[in-house]
Amino acid sequence: MLRFEEARRLILTHTSPLDTERISLFTAGGRVLAEEIRAPWDLPPWDNSAMDGYAVRLADCAPGRRLPVRGYLPAGAVPGAALAPGAAAKIMTGAPLPAEADTIVPFEQADEQDGQVSFSSTPQAGAHIRRRAEDLRSGDLVIPAGTPLRPAEIGMLATFGKILIPVFRRARIAVLSTGDELVEPGDQLGEGRIINSNALAIAAALSELGAEPVLLGIARDNRESHLQLLGEGLKADALITSAGISTGDRDLVREVLLELGATEIFYKINIKPGRPTAFLRFGAKPVFCLPGNPVATLITFEELVKPAVLRMMGHHRAIQPFIKGTLREDVRKKPGRGQFLRVALEIRDGRILVSTSGDQNTGILRTLVRAGGLVYLAPEATHLPAGSEVDVHLLGTPREALDEQA
Ligand SMILES: Nc1nc2c(c(=O)[nH]1)N[C@H]1C(S)=C(S)[C@@H](COP(=O)(O)OP(=O)(O)OC[C@H]3O[C@@H](n4cnc5c(N)ncnc54)[C@H](O)[C@@H]3O)O[C@H]1N2
Ligand code: MOO
């Protein structure tokens, strides 16, 4: 049976970035840059002062000498007259350096009286000057395509006057639950009924990635309902279904998708939870059929669907990196199947300590809620002694995923 890494590789091979659009810089935070940005001019554009103080020629600053103060250069001053010979000019942080000045002396090292200034020590040549282009030179690569726009990138784009930003389009992803036992949250819970929790959990996971979930509701366990709603789902950029995918006699999802013209790339992965996962393509659109057990649904989303959604939205890094943690307890498993272990994470002196979050049965949802991360155990693994180093995928941001030491 397919290994986890191979399944993820196949999914990424069959997924590509969507098209792009131009949006206001004001709303571009969190979106992914679609074209590289190069510096349209030097940064800084001119030599300027890094301190409030005096612009001088170093050669004029003999110990004990007093210089007449000529000129005042606030931030925003236009580069004007050169520094008068033998004089100092008062200058503020960010103001352009006057021609012929070569050094800035901060106010703290100066004493001005009656229009004359002296310095408490001999200044250093070139001190406190921010040189033209020391940050970026015109034409330099500033932000590569595929970069998610954080505040630092937004600030950089604003610095260069970019107001319409090319970004990848947000993916519209259809979410469909299947099963006669399901009712929507808020509806009457009859006997034998359970609430369709997967759709909202998947929608939340998609929103977190910046994608747009399209909730299609519940396909009932008959061909007509599946045909209608799966057909609807195939109009979005991608489709995610939950349940109806194992060997039950009413598991219709794959059969109906094939009938609608989708092609199956794989079915079943050697992982627990999540074995009966299928991946299909409808034209260029990826279709993910996730198992119905809520724990399996969310773990397969996290490990298999999320990289694909990130790729669709242009992220240059689609796969979340692992971080290292240390196991606090022995972990044993049967050989033969890969396993995603739900783990609680504690950060102590900057190190991550890993313990299982409790019962690992797929039917146990509370241990996913208690988990800060997932640890992947390869099919061959059987025993990891306490103290072993393991690879951890955080679930959420470090702030959300890591418990602070008590
Ligand atoms: N004979 C076999 N039976 C099962 C196998 C197998 O290989 N052979 N695999 C088991 C595994 S592992 C899983 S996981 C499940 C996956 O089955 P399905 O994806 O077909 O899902 P269902 O059987 O329809 O539902 C499983 C479980 O999840 C509940 N569920 C379904 N949808 C939702 C929803 N939207 N929100 C909340 N909960 C949902 C459903 O009521 C079931 O309890 O199959 C095993 N069986
Ligand atoms: O894939 Mo099933 O999720 O092992 O329970």
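The values are calculated or read from the model by the stated rules, or taken from the named source; none is laboratory data. Please read all numbers here as calculations on a predicted model, not as lab measurements. Glycine gets a Cβ as well: all are built from the backbone with ideal geometry, and neighbour counts include every protein chain shown. The accessibility values were calculated without ligands, DNA or RNA, using every heavy atom of the protein model including side chains. Shrake-Rupley method; radii C 1.70, N 1.55, O 1.52, S 1.80 Å.
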Study note, to complete from the structure: Projecting the Cα atoms of Ser388, Leu377, Thr326 onto the charge dipole of the stretch 323-402, where Lys and Arg contribute +1 and Asp and Glu -1 at Cβ, the residue farthest towards the positive end is Leu377
Practice item. Throw me the Rg/Rh for the chain, computed over C-alpha atoms with Kirkwood Rh, two decimals. Key: 1.19
Check your understanding: log10 I(q)/I(0), Debye, Cα-only the stretch 323-402, no solvent, q = 0.25 Å⁻¹?
Key -> -1.27
Study note, to complete from the structure: Rounded to a whole %, the carbon-and-sulfur portion of the accessible area of the stretch 113-198 at a 1.4 Å probe is 49
Exercise for review: Report, in degrees rounded to the nearest 10, the 0 to 90 angle that the Cα long axis of helix 198-208 makes with the longest principal axis of the chain.
Suggested key: 20
Practice item. Please figure out what share of the DSSP beta bridges in the chain is antiparallel and state it in percent, rounded to the nearest 5. Key: 65
Review point. Scattering from the C-alpha atoms of the stretch 93-155 alone, worked out with Debye: what is log10 I(q)/I(0) at q = 0.13, 0.16, 0.17, 0.26 1/Å?
Key: -0.59, -0.73, -0.78, -1.23
Review point. What residue among Ile91, Thr159, Leu189 has its Cα farthest toward the positive end of the dipole of the stretch 88-203, where the charges are +1 on Lys, Arg and -1 on Asp, Glu, each on the Cβ?
Key: Thr159
**Study point:** Distance between modelled label sites at Arg366 and Ala284, nm, 7 Å Cα→Cβ extension
**Key:** 4.7
**Study point:** Nearest-20 debye value, the stretch 323-402 charge dipole, Cβ charges on Lys, Arg, Asp, Glu
**Key:** 160
Review point. Residue by residue, what Karplus-based ³J(HN,Hα) values in Hz, rounded to whole numbers, does the stretch 341-352 have, using 6.51, -1.76 and 1.60 with θ = phi - 60° and x for Gly and Pro?
Key: 8, 7, 10, 8, 10, 10, 9, 10, 6, x, 9, 9
Practice item. Take the alpha carbon gyration tensor of the stretch 305-365, find the square roots of its eigenvalues, order them as a ≥ b ≥ c, and report rounded if a/c is under 1.5; if not, report prolate when a/b exceeds b/c, else oblate. Key: oblate
Check your understanding: Roughly to the nearest percent, how much of the accessible area of the stretch 323-402 is carbon and sulfur, given a 1.4 Å probe?
Key -> 50
Review point. Taking the Cβ-Cβ separation of Asp187 and Asp349 as r and a Förster radius of 45 Å, what is the calculated FRET efficiency to the nearest 0.05?
Key: 0.35
Review point. Stretch Thr27-Thr263 to full length: gain in nm at 0.36 nm per residue minus the Cα-Cα span?
Key: 81.2 nm
Point to revise | Amide hydrogen neighbours beyond the local backbone of Ala127, cut-off 5 Å, H modeled | key: Ile104
Check your understanding: Arg57 to Glu389: FRET efficiency via 1/(1 + (r/R0)^6), r the Cβ-Cβ distance, R0 60 Å, to the nearest 0.05?
Key -> 0.50
Point to revise | Å² per residue, accessible surface of the chain at 1.4 Å | key: 48
**Study point:** Amide proton proximity set for Arg132, modelled H, under 5 Å, gap of 5+
**Key:** Asp47, Asn48
Practice item. Once you have the Cα-Cα distance between Lys235 and Ser121, take 0.36 nm times their residue separation minus that, and quote the gain in nm to one decimal. Key: 33.7 nm
Exercise for review: Translational diffusion coefficient, Stokes-Einstein: compute it for the stretch 202-314 using the Kirkwood radius over C-alpha pairs as Rh, at 37 °C and 0.692 mPa s, and state it as an integer in µm² s⁻¹.
Suggested key: 234
Check your understanding: Any idea what angle helix 4-13 forms with the longest principal axis of the chain, computed on alpha-carbon atoms, 0 to 90 degrees, nearest 10?
Key -> 70
Study note, to complete from the structure: Set Lys162/Lys235; Lys268/Lys306; Lys285/Lys324; Lys272/Lys324; Lys272/Lys306; Lys285/Lys333, cut-off 28 Å on Cα-Cα distance; pairs above it are Lys162/Lys235; Lys285/Lys324; Lys285/Lys333
Check your understanding: Per-residue ellipticity at 222 nm for the chain, helices alone: DSSP H runs ≥ 4 residues times -39500 (n - 2.57), over residue total, nearest 500 deg cm²/dmol?
Key -> -4500 deg cm²/dmol
Review point. For the stretch 257-322, which semi-axes, largest first and in whole Å, follow from the square roots of 5 times the eigenvalues of its Cα gyration tensor?
Key: 20, 18, 9
Review point. Pro148: net charge of surrounding residues, Cβ under 12 Å, Lys/Arg +1, Asp/Glu -1, itself excluded?
Key: +2
